[in-house]
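Structure, as structure tokens:
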Amino acid sequence: MPWSPTSWRERPGLHQPEYPDAAQLASVLAELRELPPLVSSFEVERLRAQLADAAEGRRFLLQGGDCAERFEDCRSPLIAAKLKILLQMGLVLSEAGGRPAILVGRIAGQYAKPRSAAFETIGEMSLPSYRGDLVNAASATPDDRLPDPRRLLKGYARAGLTVNFIRALLDGGFGDPGHPEWWRLDFARDPSKPHFREYERLVAQRRHRMALEGASLDERAAFFTSHEALLLSYEEAQTRQVPHKEGWWNLATHFPWLGARTGDPRGAHVEYLRGVENPIGVKIGPDQDPVALPELLDLLDPRRVPGRITLIHRLGADQVEARLPAIVAAVEQTRRRVLWSVDPMHGNTRLARVPLADGRTVTVKTRRFEEILAEVEASFEVHRRLGSILGGVHFELTGEDVTECLGGASGVGEVDLARAYRSPVDPRLNDEQSLEMALLVSRMVGRGCFGDQRSREYQFTPSAGRADPRS
């Protein structure tokens with residue numbers, strides 16, 4: 001079937017909201033089509049070239065940010081904190097890992113989330129599930145949970161404000177690799193913190209290298225945006241042709257990705273993504289049939305464009321050895337060069353019961369630092385053994401001092417979950433946990449393989465209580 005930005009409408013589309021007012025939705029989408037793009041095709045091409053380098057082992061992809069952005073968090077301190085932690089992690093990966101880091105944020109568009117159930121019970125009410133601020137509100141009232149197409153315009157506006165603020169910071173010198181001290185969050189200024197000295201050593205190493213070599217254009221921080229291409233009407237409205245270039249470009253983001261629950265080759269999401277020129281991330285969950293992967297890749301990348309496909313496996317620490325080898329083998333047999341990345345967050349989601357000050361107990365999702373790390377370690381080992389290159393990591397994280405994930409050197413325990421649990425959907429690594437993770441991952445990148453040098457700082461033991469990773 002010939003492709004067009006609307007051809008996805010002829011296919012079954014999962015996780016699409018049912019708007020009560022079709023005329024209002026049509027009016028909003030018509031307005032979106034006339035608004036300026038949020039990113040440029042030149043930036044998209046630059047990212048695609050860098051991802052092609054990462055697939056060959058010359059760069060390393062760091063993708064991270066909120067599980068689901070909220071409109072209320074479009075504030076300069078929070079945006080700057082996200083940018084700072086990603087810049088810090090990028091510095092660590094580049095200096096200790098020996099490969100320039102590609103910085104891609106889950107930001108400026110990650111406002112929608114697929115949900116396992118259409119309804120959820122809150123108190124004594126059954127309400128439509130919260131699907132992210134792009135669709136409805138988290139507040140537990142029937143009116144607020146109705147899908148509202150005006151939120152698409154608000155999401156576009158918030159994404160634009162976020163992108164422009166990040167560009168202003170970087171263009172103003174905030175991302176200057178010669179001044180990494182500008183990126184420090186408060187915890188990274190405290191000598192009592194576990195990784196202060198190691199981070200300071202890498203900062204000094206960066207300064208020394210820049211003094212010897214001088215800053216080049218290639219080394220100045222570039223920052224790219226990404227989000228799951230979930231709400232296809234929103235993505236379609238910002239899919240454009242550009243002068244002097246062939247094809248169609250999704251100019252709402254640099255790097256859209258295909259979720260693990262929308263990867264049916266005959267589905268609407270694959271139909272949409274196969275026609276845009278952007279590089280595409282493809283999430284691979286534990287239910288993925290390896291035999292079906294070649295067909296999916298042929299649909300998404302028939303021309304085998306370098307940098308086009310990033311495969312992001314999210315299997316769970318206790319499933320990597322059992323499932324990843326067959327997935328890698330199925331792709332490698334096609335002699336197709338893809339970028340492999342690991343998302344160690346979604347497959348390691350658990351449930352915890354948290355006591356509140358008023359005596360009530362609530363159940364929340366959480367993740368354990370040692371299990372997240374274990375999935376990264378196991379993934380590096382499998383790729384090393386099979387001769388493929390693990391060229392990226394994908395984290396849900398924040399630059400804030402939240403208490404949503406357990407463990408790490410900062411010692412977040414279950415009793416701390418009630419103190420600063422702010423995510424409306426999935427738990428994120430906090431600022432200290434994120435930098436610590438980058439330091440540990442950088443050692444794996446620098447070694448290229450484990451052998452007998454596998455990190456023993458955290459011991460992973462599979463345990464009960466795992467939540468549905470698709471939620």
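Every number here is computed from the coordinates shown, using simple stated rules; none is lab data. Computed from a prediction, not measured in an experiment: that's the story for all the values here. Here Cβ is always computed from backbone atoms with ideal geometry, including for glycine, and neighbour counts include all displayed protein chains.
Tabulated data
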{"quantity": "Highest-first arrangement of 159-167, 408-416, 109-117, where packing means the average Cβ count within 10 Å", "calculated": "109-117, 159-167, 408-416"}
{"quantity": "Sites matching GluC sites (Glu not before Pro) across the range 75-139 that sit in DSSP coil, with at most 16 neighbouring C-beta atoms within 10 Å", "calculated": "124"}
{"quantity": "Computed label-point distance, nm, for sites residue 332 and residue 205 using a 7 Å Cα→Cβ extension", "calculated": "2.9 nm"}
{"quantity": "Value of relative contact order over the chain, rounded to a whole percent, pairs C-alpha under 8 Å and six or more apart", "calculated": "21 percent"}
{"quantity": "At least 24 Å along the helix axis (C-alpha) and Kyte average at least 0.5, DSSP helices within the chain", "calculated": "76-97"}
{"quantity": "DSSP-loop trypsin sites (Lys or Arg not before Pro) across the range 249-347, with at most 11 other Cβ within 10 angstrom", "calculated": "266, 303, 335"}
{"quantity": "Options 37, 331, 77, ranked by Cα towards positive dipole end of the chain, top entry (Cβ charges)", "calculated": "331"}
{"quantity": "Estimated [θ] at 222 nm from DSSP helical runs (n ≥ 4, -39500 (n - 2.57)) normalised by residues in the chain, nearest 500", "calculated": "-11000 deg cm²/dmol"}
{"quantity": "Too-long pairs where the Cα-Cα distance tops 24 Å, listed order kept, from 113/154; 283/365; 113/245; 82/113; 82/154; 113/283", "calculated": "113/245"}
{"quantity": "Diffusion coefficient, µm² s⁻¹, Stokes-Einstein with Kirkwood Rh over alpha-carbon pairs of the range 7-453 at 20 °C and 1.002 mPa s", "calculated": "96 µm²/s"}
{"quantity": "Part-to-part distance (alpha-carbon centres) for the range 254-277 and the range 314-341, which is given in Å", "calculated": "19 Å"}
{"quantity": "Rotationally averaged projected area of the range 237-344 (alpha carbon convex hull; nm²)", "calculated": "7.0 nm²"}
